[in-house]
Amino acid sequence: MQVAPHAIVIGSSTGGPQALMEVLGGLPPALDLPIFIAQHMPAAFTPILAQHLAKASGRPCCEAGASTPVRDRHIYLAPGDFHMEVHRTAGGLVTRVTTAPAENFCRPSVNPLLRSAAQVFGTHTLAVMLTGMGHDGLQGAETLIRAGGTLIAQDEATSVVWGMPGAVANAGLCAEVLPLARIAPHIVRLVAGGGQ
């Protein structure tokens, strides 16, 4: 039985910005979980993406920093050329950013974010793999599933490139593989404890 998530973690690459805006725009204001995003994108463009995501979602969205406090309803975007992680401290949850080596030729990579979320939120982690080239996020997703988290992926028909979501789907890690338009409603059901 799936448990209600305490955080949403999203990985995306090619075609990701539009997919992110659709998913985040489909979440109701009452959904008060923190959302963490690793989107493959150069540093010059992630501030602009954060602005667009805030407008599309009606939620505060910022590039994560070295010790950015995590708040409900807020969106945290990995800045270009930095990995993002979430950590639990004595003062509460914070984001951390690192210049550790690229993973799968990517920085930010989805892997460090998924690994850290698995450690912090465990079974209460809901991860979403959206359209993207390559297989970044697969290793992090394996860690997440071992920790009891839940993963859903965008389907091939609605993905610009079905590399990243296809990798986790083909590895048998996904609870659901859904068309883009059905991802936000499914998240709402999971948060409400409705499962399927």
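The values are calculated or read from the model by the stated rules, or taken from the named source; none is laboratory data. Just so it is clear, the model here is predicted, and its values are computed rather than measured. With ideal geometry, Cβ positions are generated from the backbone for all residues, glycine too; neighbour counts draw on all protein chains shown. Keep in mind that these areas ignore ligands, DNA and RNA; they rest on the heavy atoms of the full protein, side chains included. Shrake-Rupley method; radii C 1.70, N 1.55, O 1.52, S 1.80 Å.
Being touching a strand residue (DSSP E or B) at 6+ places or on another chain (Cβ under 6 Å) and touching a residue at least 60 places away in the same chain (Cβ under 8 Å) is a description that applies to Ser109.
Yes or no, residue by residue, for (1) open to solvent by less than 10 Å² (accessible area, probe 1.4 Å); (2) closer than 22 Å to Val70 by Cβ:
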| site | (1), (2) |
| --- | --- |
| Val3 | no, yes |
| Ala7 | yes, yes |
| Thr14 | no, no |
| Gln18 | no, no |
| Glu22 | no, no |
| Pro28 | no, yes |
| Phe36 | yes, yes |
| Ala44 | no, no |
| Ile48 | no, no |
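Number of residues in the range 125-137 that are buried (at least 20 other Cβ atoms within 10 Å of the Cβ) and out of contact with any Pro (no Cβ under 6 Å at 6 or more places or on another chain) equals 8. When the range 88-119 is filtered for residues that are in a strand (DSSP E or B) and not acidic (Asp, Glu), the ones remaining, listed by number, are Arg88, Thr89, Gly92, Leu93, Val94, Thr95, Arg96, Val97, Thr98, Cys106. Picking from residues in the range 56-90 that are out of contact with any Asp or Glu (no Cβ under 8 Å at 6 or more places or on another chain) and charged (D, E, K, R), the one that is surrounded by the most Cβ atoms within 10 Å (Cβ to Cβ) is Glu85.
Checked against (1) more than 16 Å from Ala117 (Cβ to Cβ); (2) open to solvent by 10 Å² or more (accessible area, probe 1.4 Å), Leu53 passes all but a single condition, namely (2).
Only a single item in (1) within 20 Å of Pro165 (Cβ to Cβ); (2) out of contact with any Ser or Thr (no Cβ under 6 Å at 6 or more places or on another chain); (3) crowded, with 20+ Cβ neighbours inside 10 Å; (4) not acidic (Asp, Glu) is not met by Phe121, and it is number (1). Could you tell me whether the range 178-186 includes any residue that is in contact with a His (Cβ under 9 Å, 6 or more places away or on another chain) and either open to solvent by less than 10 Å² (accessible area, probe 1.4 Å) or at pLDDT below 95 (or both)? Scanning the range 178-186, I find at least one residue that is in contact with a His (Cβ under 9 Å, 6 or more places away or on another chain) and either open to solvent by less than 10 Å² (accessible area, probe 1.4 Å) or at pLDDT below 95 (or both), so the answer is yes.
Among the residues making up the range 141-165, those that are surrounded by 17 or more Cβ atoms within 10 Å (Cβ to Cβ) and either among the charged types (D, E, K, R) or without any contact (Cβ under 8 Å) to a residue 12 or more places away in the chain (or both) are Glu142, Asp155. The helices (runs of 4 or more DSSP H) located wholly in the range 120-196 that include 1 or more residues which are closer than 30 Å to Ala90 by Cβ occupy 138-146, 180-191.
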